[in-house]
């Protein structure tokens, strides 16, 4: 994709730990009485299931060092 990015794309970034795949269903290996697979949902601990991280701001110090 070429051209300028929208404001929402420039303020958020894909989570570096899950690459945007923040939630997954994991089967527990069995079925219940109705025949449904037993699953659990696991969320990325870094982004808490959102798939994105906010862009970091650079912190600059305003203090000057006397020479």
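Bear in mind that the values in this text are calculations on the coordinates, not laboratory data. Keep in mind it's a predicted model, so treat the numbers as computed, not measured. Reconstructed Cβ throughout: ideal geometry from the backbone, glycine too, with neighbour counts over all protein chains shown.
Using the per-residue mean of other Cβ atoms lying within 10 Å as a proxy for protection, in what order, highest first, do the peptides 27-35, 41-49 fall?
41-49, 27-35
Could you list 50, 39 so that the one with the fewest beta carbons within 10 Å of its beta carbon is first and the one with the most is last?
39, 50
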